[in-house]
Amino acid sequence: MHIMLKSAVLFLTLSFVLFKLYSRYISITIDLPDEEYDFIIVGGGLTGSVIARRLTDNTSFKVLILEAGPEDGYDPFVNIPLLGPLNVGIWNDWKFKSESQSASLHMKTDNVEHLARGKLLGGTSSINFQYYMRGSPSDYDSWESEGNVGWGFGSVLKYFIKSETSNHFYPIDERYHGHEGPLHVTHSEKIGMSDVFLNAAKETGLDYVVDHNAKDIIGAAVIQTSAKRGLRQSASTSYLRSIAHLRRDRLHIVADAHVTKILIKEREDGIKSASGVEFIKNGKTISVNAKREVVLSAGVFGTPQILMLSGIGPAKHLLEHGISVVKDLPGVGSNYQDHMFAPVYFHAKNLSFGDTAGIKEILYNFPGWLWKGSGPLGNTGGVFANLKFDKLERKKTPDFQAIVIPAEADTFLFRLLISNYLYKDNIFEEEIERAKRERNGVLFSFLIHSVLLHPKSKGTVGLRSSSPFSKPKINPNVHSHPDDLEIMIKGMKWISNLTTTAAFRKIGAEVVPLVSKCRKEKPGSYAFNKCLATGEAMLFHGCCSAKMGRFEDTEAVVDPQLRVYGVDRLRIADASIMPHQISAAPQATCYMIGEKAADLIKESNP
């Protein structure tokens with residue numbers, strides 16, 4: 001009888017979870033497109049979803065989205081925020097990999113980093129950590145100072161506001177937030193470890209930032225995140241699903257459609273323009289015409305690859321792969337930048353139940369998540385700090401970020417989490433064995449991610465072959481500029497030194513020397529931090545591979561209206577157009593880019 005009762009409870013619980021997720025999912029895709037549309041959007045990710053929604057506000061525009069991956073569904077990994085890290089390397093990930101880095105990534109197999117990018121409707125917004133950070137106003141002002149008129153913070157703020165519905169439960173500066181946008185934004189829930197970190201940061205002299213999406217962002221703050229009632233808010237769930245079934249007459253979405261190239265026509269006067277796209281679905285090649293424009297929103301790696309396969313890019317590189325040159329644009333793929341990550345792990349012997357998110361806390365709070373979306377399952381993090389080390393650069397622009405992940409992991413859970421992150425075999429075994437002997441199998445109580453916000457190292461994205469199904473050749477050139485490593489080490493020293501604060505001493509926190517190669521160095525020392533910083537990079541925030549800039553800029557691919565130089569009726573709108581990195585994860589910025597791009601397109605197509 002006892003077993004039957006347990007089974008009944010388990011069955012009812014699982015049924016409720018599936019219903020909670022399934023209720024979000026009604027198919028909004030079609031199998032095959034019509035022959036012609038006003039606009040074709042390549043990529044159903046973050047910016048592409050925004051543009052499609054805003055263009056179809058006009059009932060006279062007919063729009064097609066072509067998404068290479070499947071439709072997003074009720075998969076728990078996609079919908080439950082805490083499971084976000086498990087999306088790396090599974091069915092919804094493009095599974096891009098970097099080229100081998102000879103001077104770094106010593107923790108990774110063949111010195112190669114996994115570059116996670118979402119391959120499903122909603123794109124990377126369907127698999128990311130959901131941080132909603134806009135960065136510093138000075139980031140956008142610097143874009144404008146480089147010749148990108150209309151992209152300063154004063155001009156783009158309205159698009160951030162337009163995209164957002166604020167559901168914050170801690171104080172914010174209302175002047176910087178919206179209440180009528182499709183995307184629901186809220187705070188991460190503070191737990192015990194959140195206050196420990198905020199107090200420790202204050203002891204080091206950092207101010208508390210009430211609203212990190214307002215004017216001043218240097219200091220410590222509670223993270224804002226794209227979530228609603230404990231479930232992920234992706235570009236698909238926020239921008240498409242609420243309107244797609246109402247706009248079937250003018251918005252068509254085709255999934256599993258792998259775009260192979262942009263179709264280009266040349267007029268008698270020599271002007272070249274985009275006329276449509278070619279894609280493959282279920283082994284069949286299909287062409288679709290665009291009466292007005294093609295918008296390329298395939299992401300930091302997909303966008304330059306499709307451009308080059310279409311004959312738009314560095315002429316020499318195209319000819320090496322047997323591709324006829326339509327437009328010689330040396331900047332395509334030349335300015336790739338990414339934030340570099342390196343985690344510092346901690347064990348704390350004096351934490352209380354609920355101070356971090358462990359298995360016990362998840363199970364205890366499970367009913368609360370089911371009924372109202374509260375608890376660890378619906379919470380992607382907690383708190384972070386922005387720091388400034390390089391005083392010569394822009395004064396209000398941080399160059400380093402420390403993000404607290406208040407999640408406890410035992411040895412089994414840790415192995416599960418890292419299974420697709422390309423770590424070399426046995427590099428954690430010494431500390432795993434120690435954890436079994438001394439800490440009842442608890443490997444760490446929480447971790448703090450070190451994030452280099454403005455790398456001076458630049459990488460490239462190129463073709464591996466002329467096949468559209470070959471992964472692009474991605475070389476991030478990690479730490480190729482010496483300043484990058486020095487900033488990382490300074491930031492990691494700040495993180496390690498938190499153990500000297502009263503707040504960290506109270507919980508008995510110590511740095512865990514998790515990586516075997518680094519264990520011979522004293523935790524927190526220069527050599528220890530350098531070992532960690534050069535061991536991995538993670539590279540979750542790629543940008544800038546088809547940058548926006550002046551015509552005279554040899555790296556520029558698009559103008560400030562996002563029009564591709566030398567090819568009419570072709571625009572790019574995604575993270576690849578960013579001139580340089582921002583002081584935050586790029587999600588919020590990509591929503592802004594999509595909102596602004598939609599206005600630019602509508603202005604050109606009255």
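Structure notes:
- Alpha-carbon centroid distance for the pair the range 42-97 / the range 452-479, whole angstrom: 22
- Pairs of Cα atoms in the chain fall into 20 Å distance bins, from 0 up to the last occupied one, in shares of 20, 55, 23, 1, 0 percent.
- For Glu67, solvent-accessible area (1.4 Å; no DNA, RNA or ligand), Å²: 10
- Here the relative contact order of the chain, from alpha carbon pairs under 8 Å that lie six or more residues apart, stands at 21 percent.
- Compactness of the range 237-390 is given as radius of gyration and Dmax, 24.4, 76 Å, from Cα positions.
- Rolling a 1.4 Å probe over the heavy atoms of the protein chains gives the range 187-264 an accessible area of 35 Å² per residue.
- Mean Cα-pair separation over length for the range 387-526, i.e. relative contact order, pairs under 8 Å, 6 or more apart, %: 26
- Potential extension, Asp195-Lys602 segment - 0.36 nm per residue separation minus Cα distance: 141.9 nm
- Taking every DSSP bridge with both residues inside the chain, close to 65 percent are antiparallel.
- Normalising the average separation of contacting C-alpha pairs (under 8 angstrom, six or more residues apart) by the number of residues puts the relative contact order of the range 442-518 at 26 percent.
- Taking 13 Å as the straight-line reach from the Cα of Lys396, the aspartates and glutamates in range (excluding those fewer than 8 positions away in the same chain) are Asp139, Asp141, Asp216.
- Note on exposure: Glu521, Glu71 ranked by accessible area (1.4 Å probe, complete protein assembly) read Glu521, Glu71, with the most exposed listed first.
- Spatially near lysine pairs across the range 226-352, Cα under 16 Å, sequence gap of 8 or more or different chains: 9
- P(r), alpha carbons of the range 454-606 - 5 Å bins starting at zero, rounded %: 2, 8, 12, 14, 15, 13, 10, 8, 7, 6, 4, 2, 0, 0
- Measuring with a 1.4 angstrom probe and ignoring ligands and nucleic acids, His252 comes out at about 20 Å² accessible.
- Taking the DSSP bridge list for the range 152-243 and keeping only pairs wholly inside it, about 55 percent are antiparallel.
- Within the range 287-446, percent of DSSP bridges classed antiparallel, to nearest 5: 70
- Sum of side-chain charges, Ile312 neighbourhood, beta-carbon under 11 Å (Lys, Arg +1; Asp, Glu -1): +2
- Using a probe of 1.4 Å on the protein chains alone, the accessible area found for Asp256 is around 80 Å².
- Charge sum, other residues only, whose C-beta stays under 11 Å from Asn365's C-beta, Lys/Arg counted +1 and Asp/Glu -1: 0
- Taking the helices alone, the chain has a mean residue ellipticity at 222 nm of -7500 deg cm²/dmol, built from -39,500 (n - 2.57) per DSSP H run of at least 4 residues and averaged over all its residues.
- Coordinate range along principal axes, alpha carbons of the range 116-191, Å, largest first: 40, 35, 25
- Sorted on the mean count of surrounding Cβ atoms within 10 Å across their residues, most packed first, peptides 305-312, 166-173 read 305-312, 166-173.
- Sulfur and carbon atoms: percent of accessible area, the chain [1.4 Å]: 54
- Of the DSSP H helices in the chain, those whose Cα atoms cover at least 20 Å axially and whose Kyte score averages 1.0 or more: 2-22
- Residue order for Phe366, Phe160 - accessible surface, 1.4 angstrom probe, largest first: Phe366, Phe160
- Local net charge near Val567, Cβ-Cβ under 13 Å (Lys/Arg +1, Asp/Glu -1): +3
- The range 410-542: Lys pairs at Cα distance under 13 angstrom, eight or more positions apart or on different chains: 7
The values are calculated or read from the model by the stated rules, or taken from the named source; none is laboratory data. Predicted model only: the values in this text are computed from it and were never measured. All Cβ positions, glycine included, derive from the backbone under ideal geometry; neighbour counts span all protein chains shown. Protein only, heavy atoms only, side chains kept; ligands, DNA and RNA dropped before computing areas. Shrake-Rupley method; radii C 1.70, N 1.55, O 1.52, S 1.80 Å.
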